[in-house]
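Report on the structure given below.
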There are 2 protein chains.
Amino acid sequence: MQDVFSKLGPLIIASRLKRMSDYIMRAGAEFYNSNGVDFEPKWFPLYYLLSHEKELGIMDIAQKLNISHPAVIQLAKELEKKGWVTSTKSKEDARKRLLKLSKKGISFLPQLQLIWDDIREVNRQVVESQSTNVLNALEEMEVFFASKSYTERMKEYQESKK
Amino acid sequence: MQDVFSKLGPLIIASRLKRMSDYIMRAGAEFYNSNGVDFEPKWFPLYYLLSHEKELGIMDIAQKLNISHPAVIQLAKELEKKGWVTSTKSKEDARKRLLKLSKKGISFLPQLQLIWDDIREVNRQVVESQSTNVLNALEEMEVFFASKSYTERMKEYQESKK
DNA sequence: TATATTTGCGTAATCAATTACGTAACTAAT
DNA sequence: ATTAGTTACGTAATTGATTACGCAAATATA
């Protein structure tokens with residue numbers, strides 16, 4: 001047994017979640033690549049979001065994607081460079097820069113949709129093959145921590161020991 | 001509903017895994033801190049490993065922890081700076097630098113154990129409160145992909161469509 | 001209307017980890 | 001003993017994301 005951590009159980013939930021995430025991300029990148037599609041997994045959230053909304057400001061996006069606004073700027077810069085995204089200054093609020101898919105970005109969508117469908121399908125198969133469904137488990141955790149944070153639970157446990 | 005992604009289901013398993021991992025990591029850091037313990041979550045795997053083995057080479061550690069060897073060197077450097085880890089050249093193989101906990105590192109262990117016990121316990125509570133156990137789900141995924149990789153499954157699915 | 005506060009965005013610095021590459025030591029084959 | 005190949009390690013460059021900071025526009029308040 002090379003791997004020390006599977007045994008460690010609850011202590012390293014976070015590490016195992018991260019490891020699995022990295023693994024799937026990496027495989028995703030490979031998949032785009034082997035299909036000859038010039039696209040990276042990290043672009044998906046922003047691209048997908050913009051494909052469903054007309055235009056959005058940087059901060060809106062950051063909130064919706066749950067990432068920092070500099071991250072949005074960074075990703076947007078890359079997608080603008082690819083020509084898939086353009087931006088305009090908001091008329092109502094001159095501070096805002098609104099992002100949206102360009103024509104080129106929209107015309108790329110059908111090709112992406114095909115890949116996304118494949119990914120979705122395989123992921124569905126993975127999840128359905130599980131006797132313990134990881135998406136349900138995640139969903140449950142999210143709800144659990146939304147009602148009372150991890151940190152609060154830590155505090156309470158330590159109080160209860162006194 | 002601000003958050004677009006809970007709805008996206010299987011397509012973004014990876015992002016959700018990562019998000020949950022980050023969340024727990026962050027809370028962990030806060031926890032060490034609020035207990036006045038000068039320790040960071042990222043140090044845990046190496047520290048814990050060294051506390052269970054006498055001494056190990058860089059590559060051994062990288063394999064066991066499933067991280068790159070430069071990452072090990074980096075972490076080791078930090079722990080050496082803290083005075084918790086020392087290294088010696090291997091007698092059998094002059095290329096190897098063996099890492100182990102220093103006396104100071106060993107004497108710090110009991111304090112860490114207390115914290116780790118608390119973390120373990122709260123994590124156990126979290127997991128046990130779940131009707132769908134996230135650790136079991138992860139375990140299952142790991143076994144699943146070990147038997148046939150994600151990439152292979154992708155290929156097979158695409159073949160099957162033809 | 002003037003002033004203070006908040007909000008949206010951009011840049012810079014930083015962080016954690018990776019890949020790529022170079023060097024030295026070991027091993028195997030001739 | 002030489003040469004070729006592999007292994008262990010270290011450094012540098014890159015990646016992807018964060019926090020910190022500052023400016024300008026908008027909003028609230030006196």
* To the nearest 20 debye, what is the magnitude of the charge dipole of segment B:6-129 about its Cα centre, counting +1 on the Cβ of each Lys and Arg and -1 on the Cβ of each Asp and Glu? -> 440 debye
* **Residue list for segment B:95-133, given a label point 7 angstrom along the Cα-to-Cβ vector of B:Lys82 and an amide N cut-off under 19 Å** => B:99-120
* Shortest first and in nm with one decimal, please list how far the B:Thr88 label point sits from its counterparts in the other copies (point 7 Å along Cα→Cβ). => 7.1
* Accessible surface ranking that places the most exposed of A:Ser34, B:Ser129, B:Ser102 first, with a 1.4 angstrom probe -> A:Ser34, B:Ser129, B:Ser102
* Asked: For segment A:21-29, in order, what is each residue's ³J(HN,Hα) by Karplus, 6.51 cos²θ - 1.76 cosθ + 1.60 with θ = phi - 60°, in whole Hz (x at glycine and Pro)?
  -> 4, 4, 4, 5, 4, 4, 4, x, 4
* To do: Answer with one residue from A:His69, A:Val37, A:Pro110: the one whose Cα lies farthest towards the positive end of the charge dipole of segment A:6-129, charges on Cβ with Lys, Arg +1 and Asp, Glu -1.
  => A:His69
* Asked: Percent relative contact order of segment A:52-99, based on C-alpha pairs within less than 8 angstrom and at least six residues apart?
  -> 40 percent
* To do: Return the sequence-ordered ³J(HN,Hα) values of segment B:130-144 in whole Hz as given by the Karplus equation 6.51 cos²θ - 1.76 cosθ + 1.60 applied to θ = phi - 60°, using x for Gly and Pro.
  => 7, 7, 10, 6, 5, 5, 4, 4, 4, 3, 4, 4, 4, 5, 4
* Take the alpha carbon atoms of the protein assembly as shown, find their radius of gyration, then divide it by 2.2 N^0.38 Å using N residues; give the quotient. => 1.13
* **Ordering of B:63-75, B:14-26 by packing [mean C-beta count within 10 Å, highest first]** => B:14-26, B:63-75
* To do: Please report, to two decimal places, log10 I(q)/I(0) for segment B:62-101 at q = 0.21, 0.22 Å⁻¹ as given by the Debye formula with identical point scatterers on the Cα atoms and no solvent.
  => -0.71, -0.76
* Note down the nm distance, to one decimal, between modelled labels 7 Å out along Cα→Cβ at B:Ser34 and at A:Asn66. => 2.1 nm
* **Equivalent ellipsoid semi-axes, segment A:23-85, via Cα gyration tensor eigenvalues times 5, rooted, Å** => 22, 13, 10
* Asked: Taking the Cα centre of the protein assembly as shown as the origin and placing charges on Cβ (Lys, Arg +1; Asp, Glu -1), which of B:Ile24, B:Met59, B:Asn123 is farthest toward the positive end of the dipole?
  -> B:Met59
* Asked: lysines within cross-link reach of A:Lys104: Cα-Cα under 28 Å, excluding same-chain residues under 8 positions apart?
  -> A:Lys42, A:Lys54, A:Lys64, A:Lys77, A:Lys81, A:Lys82, A:Lys89, A:Lys91, A:Lys96, B:Lys7
* Asked: Residues with beta-carbon under 10 Å from that of A:Thr132, excluding A:Thr132: net charge, scoring Lys, Arg +1 and Asp, Glu -1?
  -> -2
* Asked: Across all directions of projection, what mean area in square nanometres is found for the Cα convex hull of chain A?
  -> 14.3 nm²
* Tell me the distances, shortest first, between A:Ala146 and the same position across the other copies, using label points 7 Å along Cα→Cβ, in nm to one decimal. => 3.4
* What FRET efficiency comes out for the pair B:Arg97/B:Ala146, r = Cβ-Cβ distance, R0 = 35 Å, nearest 0.05? -> 0.70
* Sticking with the crude label model, points 7 Å out along Cα→Cβ, report the distance from A:Ser129 to B:Asp117 in nm, one decimal please. => 4.1 nm
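The values are calculated or read from the model by the stated rules, or taken from the named source; none is laboratory data. Quick caveat: nothing in here was measured; it's all calculated off a predicted structure. Backbone-built Cβ (ideal geometry, glycine too); neighbour counts: all protein chains shown. Areas reflect the complete protein model, heavy atoms only, side chains present, ligands, DNA and RNA absent. Shrake-Rupley method; radii C 1.70, N 1.55, O 1.52, S 1.80 Å.
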